[in-house]
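Asks: Okay, handing you the structure first.
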Amino acid sequence: MKKGLDSATVAAQLSKFGYNELATAAPKNVGRIALEVMKEPMFLLLISCGVLYMVLGDYKEGAIMLSTIFIIIGITFFQYRKTERALEALKNLSSPRALVLRDGAEIRIPGREVVPGDVMILQEGDRVPADATLLEATNFTVDESMLTGESLPVSKKLDATAEDKLNRVFSGTLVVHGRAVAEVGQTGPSTEFGKIGATLSKIEQVETRMQREMKVLIRVLAFIAIFLTIAVVLLFYFTRGNFLQSLLNGLSSAMAILPEEFPVVLTVFLALGAWRLSKKNVLTRNPSAIETLGSATVLCSDKTGTITQNQMAVAEVYADGVHIGKADFVAKIAQIQSLMHIAHAATPQDSIDPMDKAILVAHAAQFPETAPSPKALKEYALTHEQLVMSRAFAAVGETPSLVAAKGAPEAIAALCKLSPAEIAPIKEALLAMAAKGLRVIGVAEAAHPAGQALPETQSEFTFKFLGLIALEDPIRPEVPAAIALCNKAGIRVIMITGDYPETAKSIGAEIGLPADGLVLTGKELDELDEATLREKIKHTSIFARVVPEQKLRIVEALKANGEVVAMTGDGVNDAPALKAAHIGIAMGKKGTDVAREAASLVLLDDNFASIVSGMRLGRRIFDNLQKAMAFIIAIHIPIIGFTLIPAFLSTWPLLLLPLHIVFMELIIDPVCSIAFESENEEKGIMERPPRNKDEMFFGGKRIFQSAIKGLLLMGMVLGVYLFSRGEGHSEKEIRAITFSALIIGNIFLIVAQLSRTRSFIAVLAEGNKAVLLILISALALLLLIITVPGLQQIFAFEFPGFWHFWPSLGGSLALLMVLETWKLIKFKRMQSGK
């Protein structure tokens, strides 16, 4: 043991077991990302359209459509690499290093190079790099919250049983007190962390509802495209003759009416959504989770490090027979002074134990002018036989030596040799504190005659009991408000923890979880069949004493009930549930690599409120994406109409030439992907329930309403066409007037579509710069193509004079009024609950 492994043995072990690290997904290259992008049905449709245009000889539009594919791949790759770099930086920051014995010398090596059989030296502050068995241990405690969910450090001992595992340490846990020597048993995938990580590969992630619905919509559009292609070809042939020309015109027109903007808009929305989430300290690993985020109905949260701060703080003291809460520390400073001074003296100043740090912080806050305690002459370590640690200080002159002790209340009482009558009120106070979920320690002091040698054991001092100090893992201050907002938004919050039920109940009451909700323990959960669990989980807000496998079962039960589940967590114990949930949200600062790999989103600031901000943003993205898709459907109705009408009526001129359609699509794409995406959220967005699980993202009702708006636009443009024709204009003048009506009407449709709850005046007053820029640019371009002779020729226009465009403007304003009135009626009906 003194020499450790030699170099040859290390090399052999590395060859046999590999490096001490978990397998992670290999980074994707450009080719793999491109392949994944192009597997999506929408992108296949886009490619097919582009290729067909090329075959038909329309190289300009074919090139434009195919070039958008590379733009989309570029956006996707950029966002992916940005996310991977951030995760790599987090991984490097959290990678542990190990102090081991090699060839008889102590050397520090990267944690990944630790092998089975290595002898590790573990000290305060070390992150344990592998699973190991203790060979030596002195006052050794470990924070295992990342693995088990327990918020309190675990005291280790050499003579533990195999069942309680107290003689073992585990990879990824943190040493908070003492020193130990341990022999490595398992590394990499064989560790407890690794075993949990391995279960992730067995969990299948399902497609989001939007992805499924998009595939259905694409199939419907494909059938419509085929039907229209055949219809247009036949109609052109029977009305105009020349089959080859009819085939080319029919295919070109039919392909032009397909909403190929869908994949562009969806990709840009998700890319910009990921960027906006990053501004909220939420890193996106899976862009499809963004739309799901706004639909979440249940938020399952781990307690330690997510709802709480994962650090102890003094919450209450019991001194002179009185309970004193932290709010009264200042007012009752005299009553707590002696207790706090002795607790401070009993605490090593450089300790990283969370309870020790809490005492040091509380003492510094209440007594900032106090000089640091002198170095102790002797420290008596806490042992399993006597759960008390004492520190003895040097005598000053004739003043006796001070001995300060703290530890388990019952051990302190025994050390003070208290009678049953004296113990009774202390026990009552202890039970009251424990009922609140607080961790309690006792404090005592002793005086030792100056000049006399200190005894060998602390039990030889004559101690005086001073009181109790209760500590808590305080909740994050922003959590109650965040949970209240979730409740208002119809999102149920469930707390899942490894702590005891009493502690969990106390925390639940403090953060605002329902007081009448059920509390289920892991043991009770194991006794339930799936049907009973699914029923009980509808009324359960707290799960206590839960192990990793049970977290996964909870998430699966919620999913079986039709809930859209978001799960937060930071430890390896959370990883399976993070992956199984619709939206897995891992902690960035305190989270483990396994948790981050399993999650869809990573919180960079570990702030619970950031989750709620992300949900608000998810709802906004979802709303705006629906509006954008509705606009695409609506604007394609007049394109379809003015493509089919000339096929039916041979006396009508072609109102929309391919170049006109390309011009319109140059407006449609940027408006949908930028203007709609940047639009503000709707009023009361977090005061409405989550999206109904049975409601389609873009169901028949929305498609019908979009089609009606498109028909209104087409009817207005048709009216302008007939009016202009009646005035006796030439074909090219009529085309210029009609096209301007279509473009202005399109702009007004955008303005009306941007919000469901606000008028177009309110929307424009909010100053959406993207909308204003694009609309002004569209009007400027329209003005150019109807007035500049060279552009008139390209677009087959003639300028009839500005006065003759009044029907286009007047008709578009009438359309805007109709759409705004429709919006107002719908909004009032929605408010009345009809």
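Asks: Do you know which residues across segment 118-138 are surrounded by fewer than 17 Cβ atoms within 10 Å (Cβ to Cβ) and of a type outside the set (A, V, I, L, M)? Even if it seems obvious, please write down each step before you answer.
Replies: Restricting attention to segment 118-138, the residues satisfying the condition of being surrounded by fewer than 17 Cβ atoms within 10 Å (Cβ to Cβ) are 123, 125, 133, 135-136, 138.
Listed by number, the residues that qualify are Gln123, Gly125, Thr133, Glu136, Thr138.
Asks: As an exercise: evaluate Ser171 against (1) modelled with pLDDT of 80 or more; (2) assigned to a strand (DSSP E or B) and give the number of the one condition it does not meet.
Replies: (2)
Asks: While we're on this one: Scan the strands (runs of 3 or more DSSP E) fully inside segment 389-490 and keep the ones with 3 or more residues being β-branched (Val, Ile, Thr). Give the steps one after another, and end with the answer.
Replies: Values: elements: 401-407, 439-448, 463-472.
Result: 439-448.
Asks: Taking segment 285-319, which residues are part of a loop (DSSP other than H, G, I, E, B), in contact with a Leu (Cβ under 9 Å, 6 or more places away or on another chain) and not polar (S, T, N, Q)?
Replies: Listed by number, the residues that qualify are Arg285, Pro287, Gly294, Met312.
Asks: Could you tell me whether Ala577 is modelled with pLDDT under 90, more than 21 Å from the chain's Cα centre (by Cα) and not acidic (Asp, Glu)? Please lay out each step first, then the result.
Replies: Values: modelled with pLDDT under 90: yes; more than 21 Å from the chain's Cα centre (by Cα): no; not acidic (Asp, Glu): yes.
In short, no.
Asks: In addition: Please work out which residue is surrounded by the most Cβ atoms within 10 Å (Cβ to Cβ), limiting yourself to segment 523-550 and to residues that are at pLDDT below 85 and touching a strand residue (DSSP E or B) at 6+ places or on another chain (Cβ under 6 Å).
Replies: Ranking the candidates gives Val546 first.
Asks: Limited to segment 299-313, what total is found for residues that are open to solvent by 10 Å² or more (accessible area, probe 1.4 Å) and not small (Gly, Ala, Ser)?
Replies: The initial filter retains those residues of segment 299-313 that are open to solvent by 10 Å² or more (accessible area, probe 1.4 Å), namely 309-313.
Next, from what is left, pick out any that are not small (Gly, Ala, Ser): 309-312.
Within segment 299-313, residues that are open to solvent by 10 Å² or more (accessible area, probe 1.4 Å) and not small (Gly, Ala, Ser) number 4.
Asks: Taking the conditions exactly as written (surrounded by 24 or more Cβ atoms within 10 Å (Cβ to Cβ) and modelled with pLDDT under 75), does Val594 satisfy them or not? Quick ask: steps written out before the conclusion?
Replies: Values: surrounded by 24 or more Cβ atoms within 10 Å (Cβ to Cβ): yes; modelled with pLDDT under 75: yes.
It is true that Val594 is surrounded by 24 or more Cβ atoms within 10 Å (Cβ to Cβ) and modelled with pLDDT under 75.
Asks: Can you name the residue in segment 412-425 that is among the aliphatic types (A, V, I, L, M) and open to solvent by less than 20 Å² (accessible area, probe 1.4 Å) and is also farthest from Gly451 (Cα to Cα) among such residues? Show your work before the answer.
Replies: To start, the set of residues in segment 412-425 that are among the aliphatic types (A, V, I, L, M) comprises 412-415, 418, 421, 423-424.
Then keep just the ones that are open to solvent by less than 20 Å² (accessible area, probe 1.4 Å); that gives 412-413, 415.
Details: Ile412: 26, Ala413: 28, Leu415: 23 Å.
Among residues in segment 412-425 that are among the aliphatic types (A, V, I, L, M) and open to solvent by less than 20 Å² (accessible area, probe 1.4 Å), the one farthest from Gly451 (Cα to Cα) is Ala413.
Asks: With (1) open to solvent by less than 10 Å² (accessible area, probe 1.4 Å); (2) at pLDDT 75 or above; (3) of a type in the set (Val, Ile, Thr) as the list, and Val232 as the residue in question, which single condition is left unmet?
Replies: Among (1) open to solvent by less than 10 Å² (accessible area, probe 1.4 Å); (2) at pLDDT 75 or above; (3) of a type in the set (Val, Ile, Thr), the lone unmet condition for Val232 is (2).
Asks: For segment 363-384, which residues satisfy the criterion of being touching a residue at least 60 places away in the same chain (Cβ under 8 Å) and not in a loop (DSSP other than H, G, I, E, B)?
Replies: Within segment 363-384, Lys378, Tyr380 qualify.
Table: residues versus (1) in a loop (DSSP other than H, G, I, E, B); (2) of a type outside the set (Ser, Thr, Tyr); (3) within 30 Å of Leu784 (Cβ to Cβ).
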residue: Phe697; (1), (2), (3): yes, yes, no
residue: Lys701; (1), (2), (3): no, yes, no
residue: Leu713; (1), (2), (3): no, yes, yes
residue: Val720; (1), (2), (3): no, yes, yes
residue: Arg735; (1), (2), (3): no, yes, yes
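Asks: Residues of segment 289-347 being touching a Lys or Arg at 6+ places or on another chain (Cβ under 8 Å) and at positive phi, which ones?
Replies: Matches in segment 289-347: Gly305, Asn310.
Asks: Just one of (1) in contact with a Ser or Thr (Cβ under 8 Å, 6 or more places away or on another chain); (2) in a helix (DSSP H, G or I); (3) among the β-branched types (Val, Ile, Thr) trips up Thr532, so point out which.
Replies: (1)
Asks: Same structure again: Can you find a residue in segment 655-665 that is at pLDDT 80 or above, of a type outside the set (A, V, I, L, M, F, W, C) and within 21 Å of Leu773 (Cβ to Cβ)?
Replies: Taking segment 655-665 and keeping what is at pLDDT 80 or above, we get none.
Scanning segment 655-665, I find no residue that is at pLDDT 80 or above, of a type outside the set (A, V, I, L, M, F, W, C) and within 21 Å of Leu773 (Cβ to Cβ), so the answer is no.
Asks: Here's a check for you: in segment 553-574, which residue that is modelled with pLDDT of 85 or more and either closer than 25 Å to Ala130 by Cβ or assigned to a helix (DSSP H, G or I) (or both) is most open to solvent (accessible area, probe 1.4 Å)?
Replies: Of segment 553-574, the ones modelled with pLDDT of 85 or more are 553-567.
If we keep only those that are either closer than 25 Å to Ala130 by Cβ or assigned to a helix (DSSP H, G or I) (or both) as well, we get 553-560.
Values: Arg553: 49, Ile554: 0, Val555: 0, Glu556: 79, Ala557: 3, Leu558: 1, Lys559: 49, Ala560: 52 Å².
Within segment 553-574, the match that is most open to solvent (accessible area, probe 1.4 Å) is Glu556.
Asks: Are any residues in segment 99-117 surrounded by 13 or more Cβ atoms within 10 Å (Cβ to Cβ) and without any contact (Cβ under 8 Å) to a residue 24 or more places away in the chain, and if so, which ones?
Replies: Step one: list which residues in segment 99-117 are surrounded by 13 or more Cβ atoms within 10 Å (Cβ to Cβ), which gives 99-103, 109-117.
Ile109, Pro110, listed by residue number.
Asks: Quick one: which of Ala395, Ala362, Ala404 is over 25 Å from Pro449 (Cβ atoms), open to solvent by less than 50 Å² (accessible area, probe 1.4 Å) and in contact with a strand residue (DSSP E or B) (Cβ under 6 Å, 6 or more places away or on another chain)?
Replies: Details: Ala395 fails: over 25 Å from Pro449 (Cβ atoms); Ala404 fails: over 25 Å from Pro449 (Cβ atoms).
Answer to the check: Ala362.
Asks: Now for a different question. For segment 320-359, which residues satisfy the criterion of being in a loop (DSSP other than H, G, I, E, B), among the aliphatic types (A, V, I, L, M) and surrounded by 14 or more Cβ atoms within 10 Å (Cβ to Cβ)? Write out each step before concluding.
Replies: Within segment 320-359, the subset in a loop (DSSP other than H, G, I, E, B) is 320-321, 329-332, 346-353.
From the residues that got through so far, the ones that are among the aliphatic types (A, V, I, L, M) too are 330-331, 346, 352.
Correct list: Ala346, Ile352.
Asks: Please enumerate the residues belonging to segment 169-189 that are within 35 Å of the chain's Cα centre (by Cα), buried (at least 18 other Cβ atoms within 10 Å of the Cβ) and not aliphatic (A, V, I, L, M).
Replies: Phe170, Ser171, Gly172, Thr173, His177, Gln186, Thr187, Gly188, listed by residue number.
Asks: Tally the residues that are open to solvent by 40 Å² or more (accessible area, probe 1.4 Å) and either within 16 Å of Ala137 (Cβ to Cβ) or out of contact with any Leu (no Cβ under 6 Å at 6 or more places or on another chain) (or both), restricting the search to segment 378-392.
Replies: 8
Asks: While we're on this one: Any idea which of (1) free of Cβ contacts under 8 Å to residues at least 24 places away in the same chain; (2) closer than 30 Å to Tyr318 by Cβ is the one Ile542 doesn't satisfy?
Replies: (1)
Asks: Still on this structure: Which residues, taken from segment 784-829, are in contact (Cβ under 8 Å) with a residue 40 or more places away in the chain, open to solvent by 90 Å² or more (accessible area, probe 1.4 Å) and more than 19 Å from Ile750 (Cβ to Cβ)?
Replies: Ile794 - this is the single residue of segment 784-829 that is in contact (Cβ under 8 Å) with a residue 40 or more places away in the chain, open to solvent by 90 Å² or more (accessible area, probe 1.4 Å) and more than 19 Å from Ile750 (Cβ to Cβ).
Asks: Further question on the same structure: Applying the selection to segment 493-522, what residues are of a type in the set (Asp, Glu), in contact (Cβ under 8 Å) with a residue 40 or more places away in the chain and surrounded by fewer than 17 Cβ atoms within 10 Å (Cβ to Cβ)? Don't jump to the end; show me each part of the working.
Replies: Taking segment 493-522 as the starting set, the residues that turn out to be of a type in the set (Asp, Glu) are 499, 502, 510, 516.
Now drop any that are not in contact (Cβ under 8 Å) with a residue 40 or more places away in the chain, which leaves 499, 502.
Passing the criteria: only Glu502.
Asks: Here is a further query. Where residues in segment 753-767 are open to solvent by 10 Å² or more (accessible area, probe 1.4 Å), part of a helix (DSSP H, G or I) and touching a residue at least 24 places away in the same chain (Cβ under 8 Å), which of them is farthest from Leu809 (Cα to Cα)?
Replies: Gln753
Asks: Go through (1) more than 30 Å from Arg619 (Cα to Cα); (2) out of contact with any helix residue (DSSP H, G or I) (no Cβ under 6 Å at 6 or more places or on another chain); (3) open to solvent by 70 Å² or more (accessible area, probe 1.4 Å) for Phe723 and report which single condition fails.
Replies: Just one mismatch for Phe723, condition (2).
Asks: Let me ask something else about it. Does any residue of segment 480-488 turn out to be open to solvent by 70 Å² or more (accessible area, probe 1.4 Å) and under 30 Å from Ala404 (Cβ atoms)?
Replies: no
Asks: Return the only residue of Gly437, Gly442, Gly451 being buried (at least 17 other Cβ atoms within 10 Å of the Cβ) and at positive phi.
Replies: Working: Gly442 fails: at positive phi; Gly451 fails: buried (at least 17 other Cβ atoms within 10 Å of the Cβ).
Sole residue among the options that is buried (at least 17 other Cβ atoms within 10 Å of the Cβ) and at positive phi: Gly437.
The values are calculated or read from the model by the stated rules, or taken from the named source; none is laboratory data. What you see is a predicted model, and the numbers here were worked out from it, not measured in a lab. Quick reminder, even Gly has a Cβ in these numbers, built from the backbone with ideal geometry, and neighbours come from all protein chains shown. The protein model used for the area step is the full one, side chains on, heavy atoms only, and it has no ligands, DNA or RNA in it. Shrake-Rupley method; radii C 1.70, N 1.55, O 1.52, S 1.80 Å.
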